[in-house]
């Protein structure tokens with residue numbers, strides 16, 4: 001008989017508590033999702049032109065740049081990345 005140990009994860013599946021353990025800095029990752037997919041409904045128009053592009057195209061290009069900035073902020077704030085840099 002096996003001893004009453006904690007069950008091991010099967011095929012890389014983590015326990016529910018670990019999956020639900022979301023840190024506030026990781027919620028920053030939802031901002032680009034909301035900006036691109038949620039914002040499209042509000043900016044879906046051709047005029048005005050911004051930098052020679054229809055506004056909807058400008059919105060998408062703007063969010064591509066903002067996604068990079070947001071991910072850089074998440075990387076810098078994540079304590080797991082600070083530990084790797086110090087080692």
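The values are calculated or read from the model by the stated rules, or taken from the named source; none is laboratory data. Predicted model, so just to flag it, every value in this text is computed and none were measured. All Cβ positions, even for glycine, are placed from backbone atoms using ideal geometry, and neighbour counts span all protein chains on display.
When region 43-70 is filtered for residues that are under 16 Å from residue 30 (Cβ atoms) and touching a residue at least 24 places away in the same chain (Cβ under 8 Å), the ones remaining, listed by number, are 63, 66, 67, 70. Meeting the requirement of 2 or more residues that are under 15 Å from the mean Cα position of the chain (by Cα) and modelled with pLDDT of 90 or more, the helices (runs of 4 or more DSSP H) wholly within the chain are 55-77.
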